[in-house]
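Just below is one structure, and these are the notes that go with it.
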Amino acid sequence: MTQPTDNVPTTFKDFIKRFPALGEAHENVARAVDMAGPIEPKTREFIKMGICMGAGLESAFRSHVRRALQHDASVEEIEQVVLMAMNTCGFPKTVAAWQWAHQQIQRDQQRSQP
């Protein structure tokens with residue numbers, strides 16, 4: 001598996017350790033999807049954030065916030081992605097995702113401090 005595992009949930013790490021072939025297949029599909037078209041990495045992460053919000057996938061949402069930040073997304077851009085979900089996903093999911101995003105942003109900021 002090529003994805004760094006230092007920032008992923010323990011359950012994910014345990015699953016991949018138990019089923020390495022499935023982890024590798026998952027990574028292969030993710031790479032193939034990323035290469036299937038012209039969408040830039042930051043935009044792909046925004047799209048994945050929206051999908052995760054709609055599905056209520058907190059851990060995956062946080063992962064894509066982290067990846068968006070790695071692709072130079074601003075806090076304002078991340079907030080706009082969250083706000084765009086309000087009319088489709090509803091107010092409660094939007095507020096929850098806004099909280100998850102800010103918690104992840106704070107975690108990343110704390111990790112980057114000496």
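The values are calculated or read from the model by the stated rules, or taken from the named source; none is laboratory data. In this text, all values refer to a predicted model and were calculated from it rather than measured experimentally. Here the Cβ is made from the backbone with ideal geometry for all residues, glycine too, and neighbour counts use every protein chain on show.
Scanning region 99-108 for residues that are farther than 13 Å from Ile78 by Cα and either outside the structural domain of Gly56 (by TED's automatic domain parsing) or buried (at least 17 other Cβ atoms within 10 Å of the Cβ) (or both) returns no hits. Looking only at region 29-42, residues that are outside any loop (DSSP other than H, G, I, E, B) and within 17 Å of the chain's Cα centre (by Cα) come to 7 in all.
Number of residues in region 51-98 that are surrounded by 18 or more Cβ atoms within 10 Å (Cβ to Cβ) and of a type in the set (Ser, Thr, Tyr) equals 2. Pick from region 4-33 the residues that are closer than 17 Å to Arg67 by Cβ and touching a helix residue (DSSP H, G or I) at 6+ places or on another chain (Cβ under 6 Å): which of them is modelled with the highest pLDDT? Here the residue is Pro9.
What are the residues in region 23-42 that are within 21 Å of Thr11 (Cα to Cα) and not charged (D, E, K, R), if any? Working first, answer last.
Applying the first criterion (within 21 Å of Thr11 (Cα to Cα)) to region 23-42 yields 23-30.
The answer is Gly23, Ala25, His26, Asn28, Val29, Ala30.
Given the condition modelled with pLDDT under 95 and not in a helix (DSSP H, G or I), answer yes or no: does some residue in region 80-88 qualify? Within region 80-88, one or more residues are modelled with pLDDT under 95 and not in a helix (DSSP H, G or I). In this structure, does Gly23 turn out to be under 11 Å from the mean Cα position of the chain (by Cα), surrounded by 12 or more Cβ atoms within 10 Å (Cβ to Cβ) and assigned to a helix (DSSP H, G or I)? Answer is no for this residue. For Ala36, the requirement of being surrounded by fewer than 11 Cβ atoms within 10 Å (Cβ to Cβ) and modelled with pLDDT of 95 or more is met. Only one entry in Glu45, Glu77 is farther than 20 Å from Thr11 by Cβ, in a helix (DSSP H, G or I), free of Cβ contacts under 8 Å to residues at least 40 places away in the same chain and in contact with a Phe, Trp or Tyr (Cβ under 8 Å, 6 or more places away or on another chain), namely Glu77. Mind listing just one residue for me: the one in region 94-109 that is within 11 Å of the chain's Cα centre (by Cα) and of a type outside the set (Gly, Ala, Ser) and, of those, nearest to Val8 (Cα to Cα)? Once the filter is applied, the top-ranked residue is Gln104.
Let's see how each residue does on (1) under 16 Å from Arg107 (Cβ atoms); (2) assigned by TED's automatic domain parsing to the domain that holds His102:
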residue: Gly23; (1), (2): no, no
residue: Gly54; (1), (2): no, yes
residue: Ala68; (1), (2): yes, yes
residue: Glu79; (1), (2): no, yes
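Residue selection: Phe91 satisfies the criterion of being at pLDDT 95 or above, over 15 Å from the mean Cα position of the chain (by Cα) and either within 23 Å of Lys13 (Cα to Cα) or not assigned by TED's automatic domain parsing to the domain that holds Thr11 (or both).
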